[in-house]
Amino acid sequence: ESEVETKTDGETASDSESRAEPAPVPTSDDTPEVFNRALSNLSSRWKNWWVRGILTLAMIAFFFIIIYLGPMVLMMIVMCVQIKCFHEIITIGYNVYHSYDLPWFRTLSWYFLLCVNYFFYGETVTDYFFTLVQREEPLRILSKYHRFISFALYLTGFCMFVLSLVKKHYRLQFYMFGWTHVTLLIVVTQSHLIIHNLFEGMIWFIVPISCVICNDIMAYMFGFFFGRTPLIKLSPKKTWEGFIGGFFATVVFGLLLSYLMSGYRCFICPVEFNNDTNSFTVDCEPSDLFRLQEYNIPLVIQSIIGWKTVRMYPFQIHSIALSTFASLIGPFGGFFASGFKRAFKIKDFANTIPGHGGIMDRFDCQYLMATFVNVYIASFIRGPNPSKLIQQFLTLRPDQQLHIFSTLKAHLIDKGMLTASTEDQEAT
């Protein structure tokens, strides 16, 4: 008892042990037996190449299917991926520290996930389904007090955590509290940004994700066949040859994919909710971003290719920025995940996909990419949305609507865009 009292800040022997290097989480060969039999004559290097290749093609096919099924299915898939990634990271923490039997750790982790999703999806519903929310009384009340309800839910979880504190596990419990919140920040927040990107138009969802996938595949291919020079110690199998080859291949891929998709309204139009049909619509007049324009080619390049001008979509120029980020900065999301796995002596986050690891192993770069795309759209693309302004205007009181109408009318008359009527002239 005297030894316990000498510890500071509630630290005990158990907490001292918890700071020791965590025990590695055991891993096993997750390759399906059918692949093991079919590829038994190959070396482990080529066996892994074929397993990864076959399952990569299967995942790409699945990606095409969910795109075909539309934006609603895409949102549901994003949410499912988010939950699975959260589960994988929380499970690692639980497995590493399971011997300490922390009270309520997993229950509170999932409760906080529910609270954060309620907050973010509630904000999305209020923003993009404004008319529907105002039409239904229960939704209108929930929307009006949404942030207060969200805060109350989180505060309940916070109080539950404080009540669950046990003297011999103080420090470890705060470790895991931080673990849960950092996981929520990395996974849930950035999943929410992916959905926001989707509402800007499916092209802002498909092109960035496809660029990351292309870079991952081409970097692996170039590294597999030409790799000689190690790139970073966190990932010994990554090479400079793969890194550089993946960059050039991704930029070319981004230009071609953007050209193909920019001609289809179903990809370039913002995803909007139609109140008449109670369904999503993706129909609009293409903006200047998706209209072919003629650009002059620099003289240095003219002497090489012989062309003076080139016709391309302005979005293709933006795709260069997206593909450059996906190939040069995006891999650092993977390096971050590699450092995390090395810290806990695990090979993969899970064994969900044979040859690829867990879902988080496939989405470590996608989350970083989603944040960049959202910031890029807000900084260089998005402008005021007239439909949202009108929706908000219609919810105001009649006197407020008249005041805004009078102010707008006077402004347009001053600009010369409207002619003042006789009554207005007499009033002035």
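The values are calculated or read from the model by the stated rules, or taken from the named source; none is laboratory data. Keep in mind it's a predicted model, so treat the numbers as computed, not measured. Cβ atoms come from the backbone with ideal geometry, glycine included; neighbour counts cover every protein chain shown. Keep in mind that these areas ignore ligands, DNA and RNA; they rest on the heavy atoms of the full protein, side chains included. Shrake-Rupley method; radii C 1.70, N 1.55, O 1.52, S 1.80 Å.
Numbers for the structure displayed
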item: Failed condition for Gly383, given (1) open to solvent by 20 Å² or more (accessible area, probe 1.4 Å); (2) farther than 30 Å from Cys284 by Cβ; result: (2)
item: Of the criteria (1) at pLDDT 85 or above; (2) open to solvent by 20 Å² or more (accessible area, probe 1.4 Å); (3) more than 21 Å from Trp179 (Cβ to Cβ), which one Asn351 fails; result: (1)
item: Flag for Gly201 being surrounded by 20 or more Cβ atoms within 10 Å (Cβ to Cβ) and either touching a Pro at 6+ places or on another chain (Cβ under 6 Å) or over 30 Å from Phe380 (Cβ atoms) (or both); result: yes
item: Top-ranked residue in segment 305-348 [being of a type in the set (Lys, Arg) and part of a helix (DSSP H, G or I); ranked as surrounded by the fewest Cβ atoms within 10 Å (Cβ to Cβ)]; result: Arg342
item: Residue identified as open to solvent by less than 70 Å² (accessible area, probe 1.4 Å), under 30 Å from Tyr94 (Cβ atoms) and under 25 Å from the mean Cα position of the chain (by Cα) among Leu113, Leu165; result: Leu113
item: Whichever residue in segment 23-42 is open to solvent by less than 50 Å² (accessible area, probe 1.4 Å) and not acidic (Asp, Glu) and, among such residues, is modelled with the highest pLDDT; result: Leu39
item: Residue in segment 365-378 that is assigned to a helix (DSSP H, G or I), surrounded by fewer than 21 Cβ atoms within 10 Å (Cβ to Cβ), among the hydroxyl-bearing types (Ser, Thr, Tyr) and modelled with pLDDT of 85 or more present; result: yes
item: Residue under evaluation Phe129, criteria (1) within 30 Å of Ser262 (Cα to Cα); (2) open to solvent by 40 Å² or more (accessible area, probe 1.4 Å); (3) touching a strand residue (DSSP E or B) at 6+ places or on another chain (Cβ under 9 Å), criterion not met; result: (2)
item: Residue satisfying condition, being of a type in the set (Val, Ile, Thr) and in contact with an Asp or Glu (Cβ under 9 Å, 6 or more places away or on another chain), within set Thr183, Thr229, Thr189; result: Thr229
item: So Ile213, is it on the phi < 0 side of the Ramachandran plot, in contact (Cβ under 8 Å) with a residue 60 or more places away in the chain, open to solvent by 50 Å² or more (accessible area, probe 1.4 Å) and in contact with a Ser or Thr (Cβ under 7 Å, 6 or more places away or on another chain); result: no
item: Subset tally (residues that are open to solvent by less than 50 Å² (accessible area, probe 1.4 Å) and polar (S, T, N, Q)) for segment 252-287; result: 6
item: Residue satisfying condition, being free of Cβ contacts under 8 Å to residues at least 40 places away in the same chain, more than 30 Å from Val212 (Cβ to Cβ) and open to solvent by less than 90 Å² (accessible area, probe 1.4 Å), within set Leu418, Leu402, Leu389, Leu394; result: Leu418
item: Number of positions in segment 171-189 that are in contact (Cβ under 8 Å) with a residue 12 or more places away in the chain and open to solvent by 30 Å² or more (accessible area, probe 1.4 Å); result: 7
item: Hey, Arg45 surrounded by fewer than 19 Cβ atoms within 10 Å (Cβ to Cβ), out of contact with any Asp or Glu (no Cβ under 6 Å at 6 or more places or on another chain), touching a residue at least 12 places away in the same chain (Cβ under 8 Å) and not acidic (Asp, Glu) or not; result: no
